[in-house]
1. Give the residues of the range 124-176 that are open to solvent by 10 Å² or more (accessible area, probe 1.4 Å), in contact with a strand residue (DSSP E or B) (Cβ under 6 Å, 6 or more places away or on another chain) and over 23 Å from Asp465 (Cα atoms), sorted by residue number.
2. I'm trying to understand the selection: among the residues of the range 204-217, which are open to solvent by less than 10 Å² (accessible area, probe 1.4 Å) and not β-branched (Val, Ile, Thr)?
3. Checking the structure you have, find out if any residue of the range 378-388 is part of a strand (DSSP E or B), in contact with a strand residue (DSSP E or B) (Cβ under 9 Å, 6 or more places away or on another chain) and either modelled with pLDDT of 95 or more or open to solvent by 10 Å² or more (accessible area, probe 1.4 Å) (or both).
4. Suppose we filter the range 106-120 for residues that are free of Cβ contacts under 8 Å to residues at least 12 places away in the same chain and either surrounded by 12 or more Cβ atoms within 10 Å (Cβ to Cβ) or part of a helix (DSSP H, G or I) (or both); how many remain?
5. Could you please find all residues in the range 258-298 being more than 23 Å from Phe329 (Cα to Cα) and either buried (at least 22 other Cβ atoms within 10 Å of the Cβ) or of a type in the set (A, V, I, L, M, F, W, C) (or both)?
6. State all residues of the range 239-251 that are touching a residue at least 24 places away in the same chain (Cβ under 8 Å) and surrounded by fewer than 21 Cβ atoms within 10 Å (Cβ to Cβ); if no residue qualifies, say none.
7. Which condition breaks for Val316 when tested against (1) among the β-branched types (Val, Ile, Thr); (2) touching a Leu at 6+ places or on another chain (Cβ under 9 Å); (3) open to solvent by less than 10 Å² (accessible area, probe 1.4 Å); (4) farther than 24 Å from Pro382 by Cβ?
8. Please verify whether Ala183 is within 30 Å of Lys213 (Cβ to Cβ) and open to solvent by less than 10 Å² (accessible area, probe 1.4 Å), treating the condition exactly as stated.
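The values are calculated or read from the model by the stated rules, or taken from the named source; none is laboratory data. Remember, predicted model here, so these are calculated numbers, not experimental data. Cβ: placed from backbone, ideal geometry, glycine included. Neighbour counts: every protein chain shown. Areas reflect the complete protein model, heavy atoms only, side chains present, ligands, DNA and RNA absent. Shrake-Rupley method; radii C 1.70, N 1.55, O 1.52, S 1.80 Å.
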Amino acid sequence: MVHSLQFLGACPPCSHLNFAENNTSSINPSARLSLNPPLKLRGTSIRSSAMSSTVVRTHNSMVIDSPKELERLVHEEINKGGVGVNNSGKFGKYGGKYVPETLISCLGKLEAEFHSAIRDAEFQEALATALKDYVGRETPLYFAERLTNHYKNDKGEGPELYLKREDLNHGGAHKINNAIAQAMLAKRMGRTNIVAATGAGQHGVATAAACAKLALDCTIFMGTQDMQKQSFNVSQMKLLGAQVESVEGSFKDATSEAIRRWVGSLDNSYYLSGTVVGPHPCPSMVRKFQSVIGKETRRQAMEKWGGKPDVLVACVGSGSNAMGMFHEFLGDEEVRLIGVEAAGFGLDSGKNSATLARGDVGVYHGAMSYLLQDEEGQILWPHSIGVGLEYPAVGPELSFLKDTKRAQFYSVTDQEAVEAYHKLCRLEGIIPAMEASHALAILEKLCPALPNAAKVVVNVSGRGDKDAEMGKGTEDAQVILGMMANGTYPGRSRMASLAEVEECSIKHCLGEVTSPGTKNHPRY
């Protein structure tokens with residue numbers, strides 16, 4: 001397996017990201033990399049024009065003067081073990097900073113300001129007030145009685161199911177917990193322009209709302225595929241005053257473009273990361289601001305039944321809602337942590353976002369983690385009916401939790417997620433996000449294996465208004481899933497309107513269309 005190296009950072013004029021390694025376990029300012037002519041390194045194109053003056057930080061004193069030497073060092077880093085987290089943001093061998101020298105100082109200032117803020121009583125008081133009065137925390141820990149009864153066996157036994165209602169936050173998702181905190185941090189640093197990337201649009205809405213509240217300029221990058229599928233959230237972002245810029249592709253492409261914009265204006269812009277990926281300190285910051293989910297869950301569990309949850313369940317795309325729930329309980333080994341990835345059309349279909357199940361170790365967007373890649377180290381295109389789960393990498397801390405077996409990771413298909421979406425709607429009157437529906441779907445297999453009265457908490461990370469088109473009904477969902485499988489769903493080739501999709505679904509129900517690809521089936 002050729003491990004992928006796709007480092008973070010580029011000079012803005014470049015047409016794609018150009019990369020260098022920065023491993024902060026120790027620093028060697030004199031090590032320089034000059035590659036000429038341009039070459040293909042482990043699946044990633046590197047241009048000498050952007051690299052010739054880039055300082056490469058390594059974990060020893062050797063000067064890297066060849067691609068083979070750089071490759072050897074990264075292989076060594078990949079194979080290096082270790083436990084715990086060190087001050088360079090490494091979780092075992094995962095994480096770190098793989099960035100150009102131009103970003104090292106910026107990330108260092110961000111880390112220093114972050115640590116200063118979390119020790120600042122005034123900042124903490126202002127954040128607590130914002131979370132309470134603006135975000136609407138704390139969110140309920142809701143006993144899902146009908147869902148619980150649904151999963152009881154013939155003897156009337158089964159686990160007790162609770163839902164952590166992050167869908168009730170302002171903006172409809174957990175994303176606002178982090179967005180409001182980082183926006184406050186940006187303002188504290190004197191930054192006036194916020195740039196961010198979004199997939200399902202929930203982080204985009206949260207960031208736009210936080211920027212409106214704090215009088216900050218806001219630019220949100222979003223993939224053309226995602227904009228079509230999540231047009232409702234695009235409208236909300238614009239309504240909240242954000243400038244929404246389309247990027248050909250999906251979330252991973254939008255993230256790259258947002259980073260380019262940030263690199264081009266480091267003095268007055270702030271890249272507001274929405275999830276636990278990227279170079280240190282981004283994963284640790286997002287996890288810290290999302291950890292309010294787990295802290296509340298611990299306190300609420302103690303109030304409701306006088307103990308801890310037995311099992312915590314969260315969906316996993318890149319990992320922000322999972323780490324927000326899990327982190328508080330990492331030291332409680334009796335609490336089982338279960339992450340649920342998107343199997344898409346199946347783990348062996350080539351159309352999934354199950355990074356921890358099917359990925360290999362690589363470097364992407366500035367950090368080492370598990371990564372979906374082919375035998376040549378090229379990034380694989382992720383797929384999930386839950387747009388927010390479509391990302392080819394995963395957070396470094398989740399990668400570490402997989403290797404140490406502190407957390408368990410499973411996957412569910414698009415179809416299973418759609419069924420779980422409908423089940424919660426009809427049994428509890430709650431419309432979950434399609435991303436959160438993946439966590440709910442695992443209950444079908446999990447509940448029969450649990451002891452009677454075990455306390456299970458599922459993180460409902462967002463609400464599903466945005467997904468109503470994909471989850472309208474069983475027959476309609478089948479049509480859309482079939483269109484996705486054949487590449488004919490909006491955003492998979494030419495973008496279609498929701499009206500076109502609805503017309504296709506109606507025709508299918510009337511028997512006018514037998515299957516995607518027939519002469520009566522519209523090609524989008």
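1. Once the filter is applied, which keeps residues that are open to solvent by 10 Å² or more (accessible area, probe 1.4 Å), in contact with a strand residue (DSSP E or B) (Cβ under 6 Å, 6 or more places away or on another chain) and over 23 Å from Asp465 (Cα atoms), the range 124-176 yields only Glu160.
2. Within the range 204-217, Gly204, Ala206, Ala208, Ala209, Ala210, Cys211 meet the criteria.
3. Start the filter on the range 378-388 by keeping residues that are part of a strand (DSSP E or B), which leaves 379.
Going one step further and asking which of them are in contact with a strand residue (DSSP E or B) (Cβ under 9 Å, 6 or more places away or on another chain), we end up with 379.
Filter again for either modelled with pLDDT of 95 or more or open to solvent by 10 Å² or more (accessible area, probe 1.4 Å) (or both), leaving 379.
Yes, the range 378-388 has at least one match.
4. Just the residues of the range 106-120 that are free of Cβ contacts under 8 Å to residues at least 12 places away in the same chain, to begin with: 108, 112, 115-116, 119-120.
From what is left, the residues that are either surrounded by 12 or more Cβ atoms within 10 Å (Cβ to Cβ) or part of a helix (DSSP H, G or I) (or both) are 108, 112, 115-116, 120.
So the count comes out to 5.
5. The first filter runs over the range 258-298 and keeps only residues more than 23 Å from Phe329 (Cα to Cα), leaving 258-273, 278-279.
Answer for the range 258-298, where residues must be more than 23 Å from Phe329 (Cα to Cα) and either buried (at least 22 other Cβ atoms within 10 Å of the Cβ) or of a type in the set (A, V, I, L, M, F, W, C) (or both): Ala258, Ile259, Trp262, Val263, Leu266, Tyr270, Tyr271, Leu272, Ser273, Gly278, Pro279.
6. Leu240, Gly241, Gln243, Val244, Glu245, Ser246, Glu248, Gly249
7. That leaves (4) as the condition not met.
8. For Ala183, the condition - within 30 Å of Lys213 (Cβ to Cβ) and open to solvent by less than 10 Å² (accessible area, probe 1.4 Å) - is met.
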